[in-house]
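**Q** Sharing a structure with you now.
The values are calculated or read from the model by the stated rules, or taken from the named source; none is laboratory data. Model, not experiment: these values are computed from the prediction. Here the Cβ is made from the backbone with ideal geometry for all residues, glycine too, and neighbour counts use every protein chain on show.
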Amino acid sequence: MLNHKDLYDNLLQLDGRGYKAYKDIKGSYQFRDFTLIIDHVQGDPFASPSKVIVKVPQAIAQFPPSLYQSPSREIALRDYLTRQFAEVAQNLSSYRGTGKSGLITIVSVKQEILPRTSIFVNEGQIEARFWVGLPARGRTILGRQAAKMLCEDVPELVDRALKYGAIDGKTLQNQVEIAEDADWLRQKLAEKGLVAFVANGSILPRRSGVDPRPLAEEAIAFESPKSLEVEFNCPNSGLIRGMGIPQGITLIVGGGYHGKSTLLRAIELGVYNHIQGDGREFVMTDPGAVKIRAEDGRSIAGVDISPFINQLPQGRSTQDFSTTNASGSTSQAANIIEALEAGATMLLVDEDTAATNFMIRDRRMQQLIAKDKEPITPFIDKIRQLYTDYGVSTILVMGGSGDYFDVADTVIAMENFQPFDVTNQAKMIAQQHLNDRLQEGGETFGQITPRIPLAESIDPSRGNRLVKVKVRDVDEVAFGTEDIDLAAVEQIVEPGQLRAIAAAIVYAKTHYLDCNRTLPDILDQIMADIAEKGLDILTEFPQGDLVLFRRFELAAALNRLRSLKVMV
Ligand code: ADP
Ligand code: MG
């Protein structure tokens, strides 16, 4: 194998030549403390930067096995090192010429702790996958700059980010312990009959709609009402108290601007673990929780929305309903049925993003527009059946309609950002002021029939490329010749998740779409493959930019593919 001296000399010799000559440096190099693999070399200074892998033996990195002995710890350690790496890389990066020249980057992260393909840790070694912008002026190689970058900065990066000695051991220890507790606690929720937990002292509000870090000042810490308070004795952190949300139907009520949506948002993201200092480290939610909203304009492929929508004008079937342009109510109905098909065990709904005519239909409206003239069976008449028939709980933010008091098990009022248990009051009011609504939901919720997606309806190719996918932030993925709009899928938090989801759809097509397997079957298979063999199975070559996703978000992307067809 070549060594760092060879690389250094080679880069100096490339100085002044055309950019394409960089292709020469592809290969492996032995450095004093690590192996450097230049995996892919970019074609020009503006192209996606070059892919680099570093492997540091544990004999040198020296991370104590206690930091990665359980899956929870291992994921937290890898997450921590990704962040550490990003920080040092940013520090060392400097513009050294044209385009991305001189930049060292690793996959981008937010507040969640997630398994990513950026860093791997085992007893043998630490592996980091990242990108370097090979320096050039115009299209002329800056060999000296490149030599400094790869042979001096990268070793420094390894020293400062990938060696235990250089890292704040206490903070790291804390992080892995918190993550382990979080996973443990999330697993205990069902045992206590809960679907969510919000620890006392949690900080829920964020800095802004585009900045997910905790609101710094003025944030009011969460404090559970006594009647809903539960405690957990966590393996590492000891006793933690907070509000437990019981299974069943929970309403979050309260005046506008009193923190309802903020609480629900924290619960939505409680399916993931959070980094230290986030404020939501101990907000945990049933891992099967899916955020549901209206999403007019989306496409729908053969979904049985008949539990909610029937007798459309022109006699259109709602048992295998397809459209290229759903309305607010049909999109929300499809979002629910698709979530159930994918195995959701809890729904989260916010009135801010729900279709009103899907949520409520009061007595007066029932009188004016008879049931046989209204295709929609409102959610209020189905929410209870969802729980009794399928065990699916719902948490619903509903400041606008007291009709829901009748169907709620728990009512939490947010007042000045603090929760109060108003269940008894709400029940009393419901008895005093009968709303006289007619139940429109029938006896049962209705069947959920799994669909069989057709392979030929999924085509990732574009032009002469067999697979062409490109992700734009967390909102959109260009898949072949189509753009999948995921702006309404709110539990996707990192672009890397979308990248992995796009890869998983391609993987599904080649491995499991056979006109036999149902969508839930396919999701089972893919998630099992990833759990067993890691995200790398999704792509032809190892990538550093994939992030683990849930089955629900994978299903959501597939369901929003406008070309999707299912067996009839
Ligand atoms: P609602 O849904 O009840 O109308 P929101 O949850 O949207 O209210 O919150 C309104 C505003 O208050 C938001 O800007 C939010 O960041 C802020 N906020 C929410 N919770 C808190 C809190 N605990 N402390 C301080 N500000 C908060
Ligand atoms: Mg709101």
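**Q** ILE380: in contact with a Leu (Cβ under 8 Å, 6 or more places away or on another chain) and of a type in the set (Val, Ile, Thr), yes or no?
**A** no
**Q** Right, ALA219: away from ligand 2 (no atom under 16 Å from the Cβ), assigned to a loop (DSSP other than H, G, I, E, B) and hydrophobic (A, V, I, L, M, F, W, C) or not? Please lay out each step first, then the result.
**A** Working: away from ligand 2 (no atom under 16 Å from the Cβ): yes; assigned to a loop (DSSP other than H, G, I, E, B): yes; hydrophobic (A, V, I, L, M, F, W, C): yes.
The answer is yes for ALA219.
**Q** Name the single residue, out of those in segment 331-359 being touching a Lys or Arg at 6+ places or on another chain (Cβ under 9 Å) and of a type in the set (Val, Ile, Thr), that is surrounded by the fewest Cβ atoms within 10 Å (Cβ to Cβ).
**A** If we take residues in segment 331-359 being touching a Lys or Arg at 6+ places or on another chain (Cβ under 9 Å) and of a type in the set (Val, Ile, Thr), then THR353 is surrounded by the fewest Cβ atoms within 10 Å (Cβ to Cβ).
**Q** May I ask you to say which residue of VAL56, VAL154, VAL121 is of a type in the set (A, V, I, L, M, F, W, C), out of contact with any strand residue (DSSP E or B) (no Cβ under 7 Å at 6 or more places or on another chain) and crowded, with 21+ Cβ neighbours inside 10 Å? Break it down into steps so the answer makes sense when it comes.
**A** Working: VAL56 fails: out of contact with any strand residue (DSSP E or B) (no Cβ under 7 Å at 6 or more places or on another chain); VAL154 fails: out of contact with any strand residue (DSSP E or B) (no Cβ under 7 Å at 6 or more places or on another chain).
Exactly one of VAL56, VAL154, VAL121 is of a type in the set (A, V, I, L, M, F, W, C), out of contact with any strand residue (DSSP E or B) (no Cβ under 7 Å at 6 or more places or on another chain) and crowded, with 21+ Cβ neighbours inside 10 Å, namely VAL121.
**Q** Please specify each residue of segment 199-248 satisfying the condition of being under 25 Å from VAL392 (Cβ atoms) and polar (S, T, N, Q).
**A** Listed by number, the residues that qualify are SER224, SER227, GLN247.
**Q** Okay, moving on. Would you mind listing the strands (runs of 3 or more DSSP E) fully within segment 260-327 where at least 2 residues are in contact (Cβ under 8 Å) with a residue 40 or more places away in the chain and more than 22 Å from the chain's Cα centre (by Cα)?
**A** Numbers: elements: 283-285, 289-292, 300-303, 321-323.
So the answer is 300-303.
**Q** Would you check if ASN3 is closer than 27 Å to TYR164 by Cβ and of a type in the set (S, T, N, Q)? Reasoning before the result, please.
**A** Working: closer than 27 Å to TYR164 by Cβ: yes; of a type in the set (S, T, N, Q): yes.
It is true that ASN3 is closer than 27 Å to TYR164 by Cβ and of a type in the set (S, T, N, Q).
**Q** So, one more: Considering ASP372, ASP406, ASP389, which residue is farther than 17 Å from MET243 by Cβ, assigned to a helix (DSSP H, G or I), in contact (Cβ under 8 Å) with a residue 40 or more places away in the chain and out of contact with any Ser or Thr (no Cβ under 8 Å at 6 or more places or on another chain)?
**A** Numbers: ASP406 fails: in contact (Cβ under 8 Å) with a residue 40 or more places away in the chain; ASP389 fails: out of contact with any Ser or Thr (no Cβ under 8 Å at 6 or more places or on another chain).
One residue alone meets the criteria, ASP372.
**Q** When only residues in segment 24-42 that are part of a loop (DSSP other than H, G, I, E, B) and of a type in the set (D, E, K, R) count, which is surrounded by the most Cβ atoms within 10 Å (Cβ to Cβ)? Steps first, answer last, please.
**A** Applying the first criterion (part of a loop (DSSP other than H, G, I, E, B)) to segment 24-42 yields 26, 31-34, 41-42.
Okay, now just the ones that are also of a type in the set (D, E, K, R), so 26, 32-33.
Numbers: LYS26: 13, ARG32: 9, ASP33: 16.
Among residues in segment 24-42 that are part of a loop (DSSP other than H, G, I, E, B) and of a type in the set (D, E, K, R), the one surrounded by the most Cβ atoms within 10 Å (Cβ to Cβ) is ASP33.
**Q** Pick out the one residue from THR324, THR353, THR388 that is out of contact with any strand residue (DSSP E or B) (no Cβ under 8 Å at 6 or more places or on another chain) and within 16 Å of ligand 2 (Cβ to nearest atom). Even if it seems obvious, please write down each step before you answer.
**A** Working: THR324 fails: within 16 Å of ligand 2 (Cβ to nearest atom); THR388 fails: within 16 Å of ligand 2 (Cβ to nearest atom).
Checking each option against the conditions leaves just THR353.
Quick grid of which residues meet (1) under 28 Å from the mean Cα position of the chain (by Cα); (2) away from ligand 1 (no atom under 16 Å from the Cβ); (3) not hydrophobic (A, V, I, L, M, F, W, C):
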position: THR345; (1), (2), (3): yes, yes, yes
position: VAL349; (1), (2), (3): yes, no, no
position: ALA355; (1), (2), (3): yes, yes, no
position: GLN367; (1), (2), (3): no, yes, yes
position: ASP372; (1), (2), (3): no, yes, yes
position: LYS382; (1), (2), (3): yes, yes, yes
position: TYR390; (1), (2), (3): yes, yes, yes
position: ILE395; (1), (2), (3): yes, no, no
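**Q** When the residues of segment 124-148 are filtered to those that are small (Gly, Ala, Ser) and surrounded by fewer than 17 Cβ atoms within 10 Å (Cβ to Cβ), which remaining residue is modelled with the highest pLDDT?
**A** Per the stated criteria, the residue is GLY124.
**Q** Look at segment 119-172 and say how many of its residues are over 23 Å from LYS100 (Cβ atoms), over 27 Å from the mean Cα position of the chain (by Cα) and part of a helix (DSSP H, G or I).
**A** Final tally of qualifying residues: 6.
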